1. Going through 78, 37 one at a time, which residue ends up being at positive phi, surrounded by fewer than 13 Cβ atoms within 10 Å (Cβ to Cβ) and in the same structural domain as residue 126 (by TED's automatic domain parsing)?
2. Considering only residues of segment 123-142 that are touching a helix residue (DSSP H, G or I) at 6+ places or on another chain (Cβ under 9 Å) and without any contact (Cβ under 8 Å) to a residue 40 or more places away in the chain, which is nearest to residue 62 (Cα to Cα)?
3. Residues that are in the same structural domain as residue 47 (by TED's automatic domain parsing), touching a residue at least 24 places away in the same chain (Cβ under 8 Å), touching a Lys or Arg at 6+ places or on another chain (Cβ under 6 Å) and assigned to a helix (DSSP H, G or I): does segment 83-93 have at least one?
4. Being of a type in the set (S, T, N, Q), outside any loop (DSSP other than H, G, I, E, B) and farther than 22 Å from residue 100 by Cβ is the filter here, so list the residues in segment 21-73 that pass it.
5. Tell me the residue from 96, 25 that is in the same structural domain as residue 127 (by TED's automatic domain parsing), acidic (Asp, Glu), surrounded by fewer than 17 Cβ atoms within 10 Å (Cβ to Cβ) and over 27 Å from residue 124 (Cα atoms), please.
6. How many residues are among the aliphatic types (A, V, I, L, M) and within 9 Å of the chain's Cα centre (by Cα) if we restrict to segment 72-94?
7. Given the criteria at pLDDT below 95, touching a Gly at 6+ places or on another chain (Cβ under 9 Å) and either within 30 Å of residue 138 (Cα to Cα) or surrounded by 17 or more Cβ atoms within 10 Å (Cβ to Cβ) (or both), does residue 20 qualify?
8. Only one residue in 160, 126 is at negative phi, loosely packed, with under 12 Cβ neighbours inside 10 Å, aliphatic (A, V, I, L, M) and not assigned by TED's automatic domain parsing to the domain that holds residue 40, so which one is that?
Amino acid sequence: MKAVIPKSPRRVPKRKQIGLREKPEQASAWDRLPFVGRDHSKHHSSWDVPLSGGYFAGIDVGKLVFRMYLKYVRDEQGNPLALISTHLTGMLHSLENRNPVTKEEKDSVSGQRVGFFSELSTWVEASACRLGSSLDAIPHRSFMQSANEALQRDDASLMAAIEVAARKKKAEASQ
């Protein structure tokens, strides 16, 4: 039996979907994801999720969106055009820029955020525990020292260092 999708207090144009949908007609794997598109947004969004169901439903939806993203990451491994980190950044940007109007919408987007980051934390913890043994050999002080060194650099000095390295490489190639 299908779950009943509650109506949003916002007027939904006839061409707009109320729930998430599959999009097999889209060309790229990213655009085929149910939470990518413009079914629930004026513009193309990487968090095109309905703002309905309230806080607790939002938590479940946020977790499920993260799992769909993880499945995309696994399905697209080895694809240089998958743009994994770019799409994750786009998702977070789109989620942050949702404009809820009603209390239900505000609660929903808040729950979606909590669910997404809760699931993200679970997966980060699992990967750190199972795959992070190389981190054990690095003292905490080294991370702090590297971070402090990075804080002292600026973009101009980085670009200058890149240019010096490029000139050196070009000089070696011409010899």
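1. Details: 37 fails: surrounded by fewer than 13 Cβ atoms within 10 Å (Cβ to Cβ).
That would be 78, the only listed residue that is at positive phi, surrounded by fewer than 13 Cβ atoms within 10 Å (Cβ to Cβ) and in the same structural domain as residue 126 (by TED's automatic domain parsing).
2. 128
3. no
4. Just the residues of segment 21-73 that are of a type in the set (S, T, N, Q), to begin with: 26, 28, 41, 45-46, 52.
Retained after the next criterion (residues that are outside any loop (DSSP other than H, G, I, E, B)): 45.
Across segment 21-73, there are no qualifying residues.
5. Values: 96 fails: over 27 Å from residue 124 (Cα atoms).
Among 96, 25, only 25 is in the same structural domain as residue 127 (by TED's automatic domain parsing), acidic (Asp, Glu), surrounded by fewer than 17 Cβ atoms within 10 Å (Cβ to Cβ) and over 27 Å from residue 124 (Cα atoms).
6. At the first step, the residues of segment 72-94 found to be among the aliphatic types (A, V, I, L, M) are 73, 81-84, 88, 91-92.
Now narrow it down to the ones that are within 9 Å of the chain's Cα centre (by Cα): 84, 88, 91-92.
Within segment 72-94, residues that are among the aliphatic types (A, V, I, L, M) and within 9 Å of the chain's Cα centre (by Cα) number 4.
7. Numbers: at pLDDT below 95: yes; touching a Gly at 6+ places or on another chain (Cβ under 9 Å): no; either within 30 Å of residue 138 (Cα to Cα) or surrounded by 17 or more Cβ atoms within 10 Å (Cβ to Cβ) (or both): yes.
Spelling it out, it is not the case that residue 20 is at pLDDT below 95, touching a Gly at 6+ places or on another chain (Cβ under 9 Å) and either within 30 Å of residue 138 (Cα to Cα) or surrounded by 17 or more Cβ atoms within 10 Å (Cβ to Cβ) (or both).
8. Working: 126 fails: not assigned by TED's automatic domain parsing to the domain that holds residue 40.
Residue meeting the stated conditions: 160.
The values are calculated or read from the model by the stated rules, or taken from the named source; none is laboratory data. Quick caveat: nothing in here was measured; it's all calculated off a predicted structure. Note: ideal-geometry Cβ built from the backbone for every residue, glycine included; neighbour counts use all protein chains shown.
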